[in-house]
Amino acid sequence: MTKLSQRIRELHQAVRTLQPNLTRIAVALYDAESDLLSTYAYSSDIDSPLLRYSFSLQQSPSLQQMARSGQSRIINDMRKLTDSPKTHTRALLNAGYLSSFTLPIRIEDQLLGFIFFNSSQVDDFSHHLIPQLEIAAFAISLLVSQERSQMRTLQATMKTAVSVTHERDPETGEHLRRMADYSRFASKVLGPKLNFSDEFSSHLVLFSSLHDIGKISIPDHILLKPGKLMHDEFEIMKSHTTSGRKIIDDLINNHALDSLDHIEMLRNIVELHHENWDGSGYPHGLAGDQIPIAARIIAACDAFDAITTERPYKKPIPTDHALEIIQSMREKKLDPVCADIFLQHPEEVDAIRRQHLIDGVV
């Protein structure tokens, strides 16, 4: 359990001494670039009815108004929203939540997200209890702000590093955008099966863009070589995993980010995304479940993208043929569960690929 989730659970239990029907506290984070509000961390009496869920803030005028004004919102009887077309509203009603209190998380005029308090009773958020909820919300806001500040530091450094790589190899930058979309889809598919938290899924997508950061250290004549690499050249190319791990370790140490939740996932993705399911990969020859799941997911996404896009040494391969190659890699180079993300959802992954073609990315 992450520090944020643990703290939310502790606050939930404390507030329930005053408001016993408070059955859920949840945090959703906002991404201004995509306008997406996504579920992130929660404490609830039951499994959250909303996991790995995102929607555009434009779809909710009331939340947009709260974001602009900074004011909170109380819904005394959510049953009045029974006819709402919104997936999240129906999910909350079906889970038995009957009233809600919502506050925006804003830091220096920047919207970070929202905090949702839900009760199993109607009219449960009386005004004399609101100050206690606002105190709890303020504490959660500080935790979210601190975590987001650390993530912004990490992202800023990542952006600089990615820009350097992109200047040397434009395809690398576009590859990272596709990797984010494939890893997001992978998390959506595997999340229910492997019980991924929203926090895990969010970090997986974010960290996917750093998997090849070590290629900064690879000489141009190898990185951009149009033909097959010679043995000695390939050995140098393989070093991008260990040099990438060193870059990440230096980044984490220099910016005091070691306490950031899921930071070990970043290390694993960068260093281990070329390990193979059968043990034939590098740099350590790990096999099967010895390879962390995040690295196995990124390996599958990386393989599919490499097959379906043009590289200095090859032409792009259509999705149907690419899936035949993925099938041949299943249980050899790729974790079968991760390979099946693509094999069992051909239309969805082809749609992602085609969207990038439409956008002029591939």
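The values are calculated or read from the model by the stated rules, or taken from the named source; none is laboratory data. The structure displayed is predicted, hence computed values, not measured ones. Neighbour counts are summed over all protein chains in view; Cβ atoms, including those assigned to glycine, are modelled from backbone coordinates with ideal geometry. In case anyone asks, the SASA skips ligands and DNA or RNA and just uses the protein heavy atoms, side chains included. Shrake-Rupley method; radii C 1.70, N 1.55, O 1.52, S 1.80 Å.
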Item to check | Residue count for the stretch 173-192, restricted to those that are modelled with pLDDT under 85 and open to solvent by 60 Å² or more (accessible area, probe 1.4 Å) | outcome: 1
Checklist entry - Restricting attention to the stretch 330-354, which residues are in a helix (DSSP H, G or I), surrounded by 21 or more Cβ atoms within 10 Å (Cβ to Cβ) and not small (Gly, Ala, Ser)? => result Cys338, Ile341, Phe342, Val349, Arg353
Next on the checklist: Whether any residue in the stretch 35-44 is without any contact (Cβ under 8 Å) to a residue 60 or more places away in the chain, under 20 Å from Ser119 (Cα atoms), among the small types (Gly, Ala, Ser) and open to solvent by 40 Å² or more (accessible area, probe 1.4 Å) is what I want to check.
Outcome noted: no
Checklist entry - Just checking, how many residues over the stretch 129-146 are farther than 20 Å from Leu111 by Cβ and either touching a residue at least 40 places away in the same chain (Cβ under 8 Å) or touching a strand residue (DSSP E or B) at 6+ places or on another chain (Cβ under 8 Å) (or both)? => result 3
Next on the checklist: Exactly one of these conditions fails for Thr165: (1) at pLDDT below 85; (2) open to solvent by 50 Å² or more (accessible area, probe 1.4 Å). Give me its number.
Outcome noted: (2)
Checklist entry - open to solvent by 40 Å² or more (accessible area, probe 1.4 Å), closer than 27 Å to Ala41 by Cα and either β-branched (Val, Ile, Thr) or touching a residue at least 12 places away in the same chain (Cβ under 8 Å) (or both) - does that describe any residue in the stretch 221-242? => result no
Checklist entry - What number of residues within the stretch 54-77 satisfy the criterion of being surrounded by 13 or more Cβ atoms within 10 Å (Cβ to Cβ), in contact with a strand residue (DSSP E or B) (Cβ under 7 Å, 6 or more places away or on another chain) and free of Cβ contacts under 8 Å to residues at least 40 places away in the same chain? => result 5
Checklist entry - If we keep just the residues of the stretch 280-295 that are surrounded by 13 or more Cβ atoms within 10 Å (Cβ to Cβ) and over 20 Å from Ser209 (Cα atoms), which is nearest to the chain's Cα centre (by Cα)? => result Gly288
Item to check | Matching residues, the stretch 296-329, being without any contact (Cβ under 8 Å) to a residue 40 or more places away in the chain and open to solvent by 30 Å² or more (accessible area, probe 1.4 Å) | outcome: Lys314, Lys315, Ile317, Pro318, Asp320, His321, Glu324, Ile325, Gln327, Ser328, Met329
Checklist entry - So how many residues does the stretch 268-279 have that are in a loop (DSSP other than H, G, I, E, B), open to solvent by 10 Å² or more (accessible area, probe 1.4 Å) and not small (Gly, Ala, Ser)? => result 4
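Would you say Ser48 is at pLDDT below 90 and within 19 Å of Asp198 (Cα to Cα)?
Numbers: at pLDDT below 90: yes; within 19 Å of Asp198 (Cα to Cα): yes.
So Ser48 fits the description; yes.
Going through Arg106, Arg148, Arg152 one at a time, which residue ends up being at pLDDT 80 or above, over 23 Å from Ile46 (Cβ atoms) and open to solvent by 20 Å² or more (accessible area, probe 1.4 Å)? So that I can check it myself, show each step before the final result.
Details: Arg148 fails: at pLDDT 80 or above; Arg152 fails: at pLDDT 80 or above.
Just one listed residue meets the conditions, Arg106.
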Checklist entry - Of (1) modelled with pLDDT of 85 or more; (2) out of contact with any helix residue (DSSP H, G or I) (no Cβ under 6 Å at 6 or more places or on another chain), Tyr53 satisfies all except one. Which? => result (1)
Item to check | the stretch 5-34 - residue that is under 25 Å from the mean Cα position of the chain (by Cα) and more than 16 Å from Ile115 (Cα to Cα) and, of those, least open to solvent (accessible area, probe 1.4 Å) | outcome: Ser34
Checklist entry - Of the numbered conditions (1) open to solvent by less than 20 Å² (accessible area, probe 1.4 Å); (2) more than 19 Å from the chain's Cα centre (by Cα); (3) at pLDDT below 85, Pro170 satisfies every one except a single condition; which is it? => result (1)
Checklist entry - What is the one condition in (1) within 18 Å of Phe114 (Cβ to Cβ); (2) surrounded by fewer than 19 Cβ atoms within 10 Å (Cβ to Cβ) that Asp47 does not satisfy? => result (1)
Checklist outcome for this item: Taking the stretch 118-160 and the residues there that are of a type in the set (Gly, Ala, Ser) and in a helix (DSSP H, G or I), the one that is farthest from the chain's Cα centre (by Cα) would be Ala136
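Which residue, of Leu334, Leu286, Leu260, Leu272, is hydrophobic (A, V, I, L, M, F, W, C) and within 21 Å of Lys188 (Cα to Cα)? Step through it out loud before you land on a result.
On the way: Leu286 fails: within 21 Å of Lys188 (Cα to Cα); Leu260 fails: within 21 Å of Lys188 (Cα to Cα); Leu272 fails: within 21 Å of Lys188 (Cα to Cα).
None of the other options fit; the residue is Leu334.
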